[in-house]
Amino acid sequence: ERVRTAFIGTGDEGNVLINEHPTDYMDLVAIADLRPANLERTFTGSHPVARRGLKAVLGSAAQDVKAYSNHLDLLKDKDALGLEAVVIAVPLNQHARVAIECMEAGLHVLCEKLMAKNVTQCKEMIQKADEKGLMLAVGHQRHYSVLYDNAAYLTGNGLLGDIKFIRAQWH
């Protein structure tokens, strides 16, 4: 069965993640964001490809997605929603706090990269996941890319010789 999921943080990155969420595996039941404009554009979309909006992604099922202006209110309704997991795409300085609150409520967490602001916060998040027996994952997309894995293999095995300079760019 699909995992009943909520997205916390529906700004630019959150809306990209919502646009790309795998509907075969995730049942998006709720969203939360402090900004009313972010909540609105999550349903209507703001880009024809990257942020199409829930109405385009889910069709008529979008009307069943509950919207919250505060993730704590969403957590209070977690049982009524049948919520199992959250995707967190809030600003970095909020990742650890929101993730820990969600795990304290018994929810699995996928947190956007970077995981937290410092190593101590990362360890607190891991400790909470272990304590509660929950999954905590971090969306390091580039780390899972075959392209980056191949580049690491080539450089790690000396196949490019003695590298003196690297220039990288991302669009």
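The values are calculated or read from the model by the stated rules, or taken from the named source; none is laboratory data. Given the structure is predicted, the values throughout are model-derived calculations rather than measurements. All Cβ positions, even for glycine, are placed from backbone atoms using ideal geometry, and neighbour counts span all protein chains on display. Keep in mind that these areas ignore ligands, DNA and RNA; they rest on the heavy atoms of the full protein, side chains included. Shrake-Rupley method; radii C 1.70, N 1.55, O 1.52, S 1.80 Å.
Show me 127-139, 66-78 ranked by packing, highest mean number of other Cβ atoms within 10 Å first. Working shown, then result.
Details: 127-139: 15.0, 66-78: 16.7.
Peptide ranking by packing, descending: 66-78, 127-139.
Projecting the Cα positions of I8, A129, V86 onto the charge dipole of the chain (unit charges on Cβ atoms of Lys, Arg, Asp and Glu, taken about the Cα centre) puts I8 furthest along the positive direction. Taking the Cα centre of the chain as reference, the dipole from Cβ charges on Lys and Arg (+1) and Asp and Glu (-1) amounts to some 500 debye. Packing, as the average of other Cβ atoms within 10 Å across residues, places the peptides 91-104, 36-49 in the order 91-104, 36-49, highest first. The magnitude of the dipole of the stretch 73-115, with charges of +1 and -1 set on the Cβ of Lys/Arg and Asp/Glu and taken from the Cα centre, is near 160 debye.
Mean residue ellipticity, 222 nm, helices only, the chain: the sum of -39500 (n - 2.57) across DSSP H runs of n ≥ 4, divided by residue count and rounded to 500, is -11000 deg cm²/dmol. Average accessible surface for the stretch 33-171: 66 Å² per residue, computed with a 1.4 Å probe over protein heavy atoms with every protein chain in place. Rounded to the nearest 20, the Cβ-based charge dipole of the stretch 23-120 about its Cα centre (Lys and Arg +1, Asp and Glu -1) stands at 440 debye. Quantify how much of the Cα-Cα distance distribution of the stretch 12-125 extends past 21 Å, in percent. Percent of Cα pairs beyond 21 Å in the stretch 12-125: 36.
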